[in-house]
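Working notes, structure below.
Laboratory data are not the source of any read-out in this text; all were calculated from the coordinates shown. Predicted, not measured: the structure shown is a model, and the values here were computed from it. Virtual Cβ from ideal backbone geometry, glycine too; neighbours counted across all protein chains shown.
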Amino acid sequence: MKQLTCAQMGGPATCTAVITGATPEEMVANGMTHVNAAHPDMAENIKKMSKEEMDKWMTEFLGPKFAAAPDMAA
């Protein structure tokens, strides 16, 4: 299981909420659940992203960001 803060995933720079996931897709889903609850303005902006913008973010996240995310302490 990997972990990143909301800020590390692209959320507000001051948000230290920890987002976890066993797969990149799970972490994205958990991150969106957090963003929808804690950052509704950001959630609306994400909905307005173009397909190209979303594809770019997903490519960056699915590759280097998720791979570099630390494993959770057992």
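Bridging of LYS2 to lysines at a Cα separation below 19 Å is possible for LYS65, once same-chain residues fewer than 8 apart are set aside.
The residues packed around GLU53, meaning those with a beta-carbon under 12 Å from its beta-carbon, carry a net charge of +1 if Lys and Arg are +1 and Asp and Glu are -1.
Computed on the Cα atoms alone, the convex hull of the chain gives a volume of 82 cubic angstrom per residue.
Over the chain, DSSP H runs of length four or greater, each weighted -39,500 (n - 2.57), average out per residue to a 222 nm ellipticity of -13500 deg cm²/dmol. In the chain, Cα pairs under 8 Å separated by at least six residues give a relative contact order of 35 percent.
Annotation: amide H of GLN3 within the under-5 Å range of MET72, sequence separation 5 or more or interchain, hydrogens built in the peptide plane.
Straight-distance candidates among the lysines for linking to LYS47, with alpha-carbon spacing under 16 Å and chain neighbours fewer than 8 residues away dropped: LYS56. Charge tally for MET72 (other residues, Cβ to Cβ under 13 Å; Lys, Arg +1; Asp, Glu -1): -1. For ALA17, nonlocal amide neighbours, meaning residues 5 or more places apart or on other chains whose placed amide H falls under 5 Å from its own, are CYS6, ALA7.
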